[in-house]
Structures are given as C-alpha cells and as structure tokens.
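Everything below concerns the one structure shown next.
Values in this text are rule-based calculations from the coordinates and carry no lab data. Remember, predicted model here, so these are calculated numbers, not experimental data. Cβ coordinates were reconstructed from backbone atoms using ideal geometry, including for glycine residues, and neighbour counts include every protein chain displayed.
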Amino acid sequence: MSNTELDGKVAVVTGAAGGLGRGIAERFLAEGAKVVAGDLAEGEPLGGNSVFVPTDVSDMEQVSALVATAVDTFGGLDIMVNNAGVSGTMHRRFLDDDLADFHQVMGVNVLGVMAGTRDAARYMAEHGGGSILNLTSIGGIQAGGGVQTYRASKAAVIQFTKSAAIELAYYDIRVNAIAPGNIRTAIVSKSAN
C-alpha cells in the first residue's frame, strides 16, 4: 500500500469506464484509495479496492444509489468526482438544435453534477467534510459554435460549483471545478470526426 494522502480514502468517480474518469479512478487506486466507479458503459475492471456500479447520472435515484454503495461497501465517502459528461450532437447549427439533445446534455452534464454534489455533501456534512470535484470544460468558459448546449451545460457547472463551494465550506466540504482543454478522449475524438 502506498503512503499518500489518499491511503484509505473512499472516492466515487462518475464516468469511470473510460477517458478522464478511468484515469482518475486508476490514479486514486494507485494512491491507495478505495474507488466506487459509476458509468453507463461497463469498462474493463479496475481491480484493487474498487467496485463498479452501472449508473445513469441523469437519474437522481441512481446517483443516490452510487453514493450509498460507497458508504455501504467501504464505510464512508471522502471524495466525489462528478466526471460523467456527454457532448450531444456535434457540429450542429444552433438553428437546427432540438430539445431532445438539450435535455440529454443538461441531464447528464448539469443534473448529474448537482445530484452527485448533493448526495455526497449530505453524507460529508454529517461526517466531518470531504472534497467534491466537478469536471467542466474550457468550453464552459470560451465561446464557440457547433456545441452550444454542451458549452452552456459546462458554464452551468462552473457557476453551480462556485455557489456550492460557498455554501458547503461551512461543513468543511471543498467543492472545486476543473476545466480541461482538449484531451484525447472519446468525446474529443467524436468531435474531431
């Protein structure tokens, strides 16, 4: 076992079947954390102190069940990483956008983050605090065409994170957002095609 700040910590990572989420989950495991991985797609097993829970983060009950799995399986929750995200239909003109795409993107990218933050914070507030990390995107900061709904969803996550950080600081819960640029993941590869 490693001797790091993550030794024995319990982390939930959404969108953990591939891309950034899988990388985050693998790193946590390498640093000694116990990981509950949630995703719609079941990826290769992570091994070690990890469990996989099929999770649609746009379904608040499934997010609650994911957090409960961490507590029931590993005895607590120290870190919540809201990483799951979808891009929606890429390179579609705004005038051709439809509400189905909008609802899917907002459901995963915004509601999923809000539900994960809420459920993790409810546990953490009663158990001495913790850390919540919300993955957003440079697309939530910079304007650009073709992915308006995606950009709007990521901007919403940034503002939500700022507000949650202020309110949850009282409970010793850190809430931060990371807005990476392009990283070679399935979403970026899809966009490039």
Sequence-distant residues sharing a close amide H with Gly76 (under 5 Å, placed H): Val71
For Ser50, distant residues with modelled amide H under 5 Å away: Val35
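Which translational diffusion coefficient, to the nearest whole µm²/s, is obtained for the chain from the Stokes-Einstein equation, given a Kirkwood hydrodynamic radius over C-alpha pairs, 10 °C and 1.306 mPa s? Mind dumping the intermediate values first?
Details: Rh = 16.7 Å.
This corresponds to a translational diffusion coefficient of 95 µm²/s.
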Per-q log10 I(q)/I(0), the range 1-114, q = 0.14, 0.16, 0.17, 0.22 Å⁻¹ (Debye; single scatterer per alpha-carbon; no solvent): -0.56, -0.70, -0.76, -1.13
Long-range amide H partners of Gly38 with built H, under 5 Å: Val13, Thr14, Gly15, Ala16, Val53
Centre separation in Å (Cα based) which lies between the range 1-48 and the range 108-184: 19 Å
Kyte-Doolittle at least -1.0, axis length at least 27 Å by Cα - qualifying DSSP helices, the chain: 148-168
Fluctuation leader among Met124, Met90, Met106 - the chain, Gaussian network, Cα springs under 10 angstrom: Met90
Per-residue HN-Hα couplings for the range 128-138 [Karplus 6.51, -1.76, 1.60; θ = phi - 60°; Hz; x = Gly/Pro]: x, x, x, 9, 10, 10, 10, 7, 10, 7, 4
Choice from Ser163, Ser153, Ser58 showing the highest fluctuation, given a GNM over the chain with Cα pairs closer than 10 Å: Ser163
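Counting Lys +1, Arg +1, Asp -1, Glu -1, what net charge surrounds Gly112 among other residues with beta carbon under 10 Å of its beta carbon?
Details: positive: none; negative: Asp56, Asp59.
Net charge in that neighbourhood comes out at -2.
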Nitroxide proxy distance, nm - points 7 Å out along Cα→Cβ at Glu61 and Tyr170: 3.1 nm
J(HN,Hα) series, the range 36-50, from Karplus relation 6.51 cos²θ - 1.76 cosθ + 1.60, nearest Hz, glycine and proline x: 9, 9, x, 5, 5, 8, 8, x, 5, x, 7, x, x, 7, 9
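Let me check against my output: what whole-number percent is the relative contact order of the chain, with C-alpha pairs under 8 Å and at least 6 apart? Write down the numbers at each step before the final one.
Numbers: 387 pairs, mean separation 37.2, N = 193.
So the answer I get is 19 percent.
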Taking Leu99, Leu29, Leu77 and counting other C-beta atoms within 10 Å, the order from fewest to most: Leu99, Leu29, Leu77
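Arrange the following residues from fewest to most other Cβ atoms within 10 Å of their Cβ: Val12, Val71.
Values: Val12 31, Val71 15.
Ascending number of Cβ neighbours within 10 Å: Val71, Val12.
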Range of Cα positions in the range 59-154 per principal axis (Å), largest first: 48, 24, 16
Most mobile of Ala33, Ala100, Ala17 in a GNM of the chain (Cα contacts under 10 Å): Ala100
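Determine, for Thr69, Thr14, Thr161, Thr4, the number of other Cβ atoms within 10 Å of each Cβ, and report the residues in order from fewest to most.
Values: Thr69 19, Thr14 30, Thr161 22, Thr4 13.
Ordered from fewest to most neighbouring Cβ atoms within 10 Å, Thr69, Thr14, Thr161, Thr4 come out as Thr4, Thr69, Thr161, Thr14.
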